[in-house]
Amino acid sequence: MSGLHHSVRRRELAGILLFVAITQFAFLANISQIMYDGYSIEDTLLSDLGRWEQPSALLFNTSLVMFGLLGMSIGVVLWPDKKLNFIPLLFVLCGIGMLIMAAFPITIEWAHDVGAFLSFVLIAVAALCCYWTFPGPFRYMSLFLGIVGFVTEILYKSEIYFGLGAAGSERMIIYPLFFWMAAFAAVLLYSDETAPRDSLLDRFFAWTASKF
């Protein structure tokens, strides 16, 4: 009977919301690819799915809106969790970025780029923050995937594609960050909010405080 009275912790709720955000995007983006006229994994950017002249636009942009609202909700839910440092703020900004990308498709490039920066660059920053925030193997995974996200973003904007084309290079930005978000959702579901602070950042602050 005790399971019926289980109260959902903030991290559990945020993990559930993140899982829903990732899952709905994966399904709806794949359906959008089927709906897109002349879709090619080599030549068609994921952002192209949101062009309003395409039949895929409504579904794909709806998915971005859902991801944006869920991302902002995750940030709000985690906001009181001081152990997570800047991560809740970064998720709020990522959610805003998704909404901007939905409102301004890639045909309005400057605005779409602003949304993409908030969505993907700042999620890479969130992954790097986890290196300093969480103990254990997850911090090394976060460091690796955060660096991959940063490097691939720089290479993409520099038009260095290594034979993958623009569409393939775009996916090399998105997929590692989505892998990280999936891992982060699992960590949120099972991490203990009441555990003593034991991250590198907490140790650094404790060491600094001991010197004064």
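Structural remarks
- Test for Glu159: is it without any contact (Cβ under 8 Å) to a residue 12 or more places away in the chain and either on the phi > 0 side of the Ramachandran plot or acidic (Asp, Glu) (or both): yes
- Among all residues of the range 101-111, there is at least one that is crowded, with 21+ Cβ neighbours inside 10 Å and either acidic (Asp, Glu) or in a helix (DSSP H, G or I) (or both).
- For beta carbons closer than 7 Å, sequence separation of 6+ or different chains, a first residue in the range 104-123 that is farther than 15 Å from Thr152 by Cβ and a second that is surrounded by fewer than 16 Cβ atoms within 10 Å (Cβ to Cβ), the qualifying pairs are Phe104/Ala111; Pro105/Trp52.
- Filtered residues of the range 134-170 (kept if touching a Phe, Trp or Tyr at 6+ places or on another chain (Cβ under 6 Å) and basic (Lys, Arg)): Arg139
- Consider the range 120-178 and keep the residues that are farther than 14 Å from Leu90 by Cβ and of a type in the set (Gly, Ala, Ser). The one that is farthest from the chain's Cα centre (by Cα) is Gly163.
- Some residue of the range 32-39 being within 17 Å of Tyr175 (Cα to Cα), in a loop (DSSP other than H, G, I, E, B), at pLDDT below 95 and more than 20 Å from the chain's Cα centre (by Cα): no
- Residues located in the range 52-74, provided they are crowded, with 19+ Cβ neighbours inside 10 Å and not in a helix (DSSP H, G or I): Gln54, Ser56
- Consider the range 121-163 and keep the residues that are loosely packed, with under 15 Cβ neighbours inside 10 Å and among the aliphatic types (A, V, I, L, M). The one that is farthest from Met98 (Cα to Cα) is Ile160.
- The number of residues in the range 75-88 that are crowded, with 17+ Cβ neighbours inside 10 Å and either in a helix (DSSP H, G or I) or among the basic types (Lys, Arg) (or both) comes to 7.
The values are calculated or read from the model by the stated rules, or taken from the named source; none is laboratory data. Just so it is clear, the structure is predicted and the values come from calculations on it, not from any experiment. For neighbour counting, all protein chains shown are included, and Cβ atoms are generated from backbone atoms with ideal geometry for every residue, glycine included.
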